[in-house]
Amino acid sequence: MTADGNMRNRPTRRALTAITTAALAGALALSVSGSVQAAPKATTPGFLAAKDMPRAAGNFWTAGGITAGAPESDPFCLEKVLPAKGTTWHRVFGTDLDTGGVQVSVRTASDSAAGRLAASAEASVAACAADWLRATPGGTASWDDYGRLAVEDGARVVGVATSVPDSGADVRLLGIGRDGDTVTIVVWSQLGNLGQAPVAAFKKTTTTAVNKLR
């Protein structure tokens, strides 16, 4: 072979540059692909069905779809509690009467983060009646702690009633529970007072909600 023949068999500088660029692009694509696979989307937790809500004479429950994100309005007593970060879903429940409900579930970054969120929600609910009275001159409010439930990492049920002169009274039951890194909050609401609230049935609803998270 001549020197000219050897040169013809060697890749040119332009060819070498193209080969190097292609190799780097392939490595970058593999790196990006690997990073996406390492952070999969959180799976949707289990939610209550309409049949899981407290039953009462004349109440026929319906359930909306399980929707990504928090409700348009934060649940009563839980304003500014739901985190800006985290994966959140909600489901709205309704009846043909004056009774309604909502469930919100949040997957947090860790079990400890979920514990802090649950504690913050419980503290907000415990202070809710007093906070509402300060913001509502002439109104009346009361609350009752119905205790903790032995389910997964624990749950708590609280009732809050509010009323304004010359207007109807509202009562709400709130259940806050946790399983690992996931917190769920269930709210039942109706016109009336604490004495009319279906506490025993709502405790079963809250227990079912926590059991369905996984």
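Pairing each residue of the stretch 174-190 that is on the phi > 0 side of the Ramachandran plot with any residue that is in a strand (DSSP E or B) and crowded, with 24+ Cβ neighbours inside 10 Å, provided the two are 6+ apart or on different chains, yields no C-beta distance under 9 Å. Of all residues in the stretch 167-179, exactly one satisfies the criterion of being open to solvent by less than 30 Å² (accessible area, probe 1.4 Å) and over 22 Å from residue 106 (Cα atoms), namely 171.
Looking at (1) closer than 21 Å to residue 207 by Cα; (2) open to solvent by 50 Å² or more (accessible area, probe 1.4 Å); (3) aliphatic (A, V, I, L, M), can you tell me which one residue 68 breaks? Going through the list (1) closer than 21 Å to residue 207 by Cα; (2) open to solvent by 50 Å² or more (accessible area, probe 1.4 Å); (3) aliphatic (A, V, I, L, M), residue 68 breaks only (1). Of the residues 123, 129, the single one that is free of Cβ contacts under 8 Å to residues at least 40 places away in the same chain, open to solvent by 40 Å² or more (accessible area, probe 1.4 Å) and of a type in the set (A, V, I, L, M) is 123. Going through (1) at pLDDT 95 or above; (2) on the phi < 0 side of the Ramachandran plot; (3) surrounded by fewer than 19 Cβ atoms within 10 Å (Cβ to Cβ) one by one, residue 97 falls short only on (1).
With respect to the conditions (1) outside any strand (DSSP E or B); (2) over 14 Å from the mean Cα position of the chain (by Cα); (3) within 30 Å of residue 87 (Cβ to Cβ), residue 129 lacks only one, and its number is (3).
Among the residues of the stretch 144-172, not one is among the aromatic types (Phe, Trp, Tyr) and at pLDDT below 95. Of the residues making up the stretch 143-166, those that are among the hydrophobic types (A, V, I, L, M, F, W, C), in a strand (DSSP E or B) and either closer than 15 Å to residue 183 by Cβ or open to solvent by less than 80 Å² (accessible area, probe 1.4 Å) (or both) are 149, 155, 157, 158, 160, 161. Might you let me know whether the stretch 192-200 holds any residue that is open to solvent by 50 Å² or more (accessible area, probe 1.4 Å), under 20 Å from residue 48 (Cα atoms) and assigned to a helix (DSSP H, G or I)? Checked the stretch 192-200: at least one residue is open to solvent by 50 Å² or more (accessible area, probe 1.4 Å), under 20 Å from residue 48 (Cα atoms) and assigned to a helix (DSSP H, G or I). Taking residue 173, is it part of a loop (DSSP other than H, G, I, E, B) and within 21 Å of the chain's Cα centre (by Cα)? Answer is no for this residue.
Exactly one residue out of 136, 182, 208 is at pLDDT 95 or above and open to solvent by 10 Å² or more (accessible area, probe 1.4 Å): that is 208. Kindly evaluate residue 118 against the criterion of being of a type in the set (Gly, Ala, Ser) and without any contact (Cβ under 8 Å) to a residue 12 or more places away in the chain. Taking the combined requirement at face value, the residue does not satisfy it.
The values are calculated or read from the model by the stated rules, or taken from the named source; none is laboratory data. The shown structure was predicted, so the numbers you read here are calculated from the model rather than taken from an experiment. Using ideal geometry, Cβ is built from the backbone for each residue, glycine included, and neighbour counts are taken over all protein chains shown. The protein model used for the area step is the full one, side chains on, heavy atoms only, and it has no ligands, DNA or RNA in it. Shrake-Rupley method; radii C 1.70, N 1.55, O 1.52, S 1.80 Å.
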